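The values are calculated or read from the model by the stated rules, or taken from the named source; none is laboratory data. All values derive from a computational prediction rather than experimental measurement. Here the Cβ is made from the backbone with ideal geometry for all residues, glycine too, and neighbour counts use every protein chain on show.
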Amino acid sequence: MNRETRQLRSARARFETREQDNDLYISGYFAVFGSTYEIWEGMSESIDSHAFDDQLNEDIRALIDHETRLVIGRTKAGTLQLRVDDTGLWGDVKINRNDVDAMNVYERVKRGDVDQCSIGFEIIDEDVSSIDNKTHWTIKEVKLYEVSIVTFPAYEETCVSARKRQLEDMTKRSFEAWKMNTMKKLKGES
């Protein structure tokens, strides 16, 4: 399914801060594969281990709280390194000591005041399954725009509203298909 809606997903992260060769870094997983995130009762999703395969060579930004004016790293500039391993999408952000915002978030992560992350993306492909009246989405492929270190996760609001619209669309399409099949049967067209 191809949807042109930019979405956000957030999670608690295990970020680490470090100093190496006089450079400062924030590192951690921005997405974890195979973990099931309950969107609301009876609705869940997970990210497939190949969802980011075609994205690692793209120009991705690292932001603070999804604010496009607060760029703290960028793959094109070499200040954001992303890689995929068996666990998930790992990011390493090189902090600019001359950037007050970057230094502030570095210190907040270091103290443990900020410990959540989020990704901004569009879903390119996903599988939807339904078992025992519970719906589960497996995100198979995304177009990744940004990774963010966030104070408050956006997951609950953005994910629920996007999925609710999708569920409403699926319900409407299922009803239309049922109606069309019923009309064919009534007309003897089966």
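Points worth noting:
- Contact map, the range 104-128: first residue closer than 28 Å to Ile39 by Cα, second residue in a helix (DSSP H, G or I) and among the hydrophobic types (A, V, I, L, M, F, W, C), Cβ cut-off under 8 Å, separation 6 or more or different chains; pairs are Val114/Val105; Asp115/Val109; Val128/Met170.
- Of the criteria (1) under 30 Å from Leu24 (Cβ atoms); (2) part of a loop (DSSP other than H, G, I, E, B), which one His50 fails: (1)
- Condition check for Ala11: modelled with pLDDT of 85 or more, among the aliphatic types (A, V, I, L, M) and more than 19 Å from Glu107 (Cα to Cα): no
- Filter result for Gly34 (crowded, with 16+ Cβ neighbours inside 10 Å and within 23 Å of Ser129 (Cβ to Cβ)): no
- Candidates Ala162, Ala177, Ala154 - the one that is among the aliphatic types (A, V, I, L, M), modelled with pLDDT under 70 and under 19 Å from Thr68 (Cβ atoms): Ala154
- Taken together, the residues in the range 15-63 that are in contact with a strand residue (DSSP E or B) (Cβ under 9 Å, 6 or more places away or on another chain) and under 13 Å from Gln81 (Cα atoms) amount to 13.
- Options Asp54, Asp65: the member that is at pLDDT below 95, under 15 Å from Val150 (Cα atoms) and acidic (Asp, Glu): Asp65
- Just one residue in the set Arg61, Arg108, Arg69 is surrounded by fewer than 15 Cβ atoms within 10 Å (Cβ to Cβ) and closer than 21 Å to Phe152 by Cβ; that residue is Arg69.
- Residue list for the range 18-47, filter: part of a loop (DSSP other than H, G, I, E, B), farther than 23 Å from Val105 by Cβ and over 16 Å from the mean Cα position of the chain (by Cα): Glu41, Gly42
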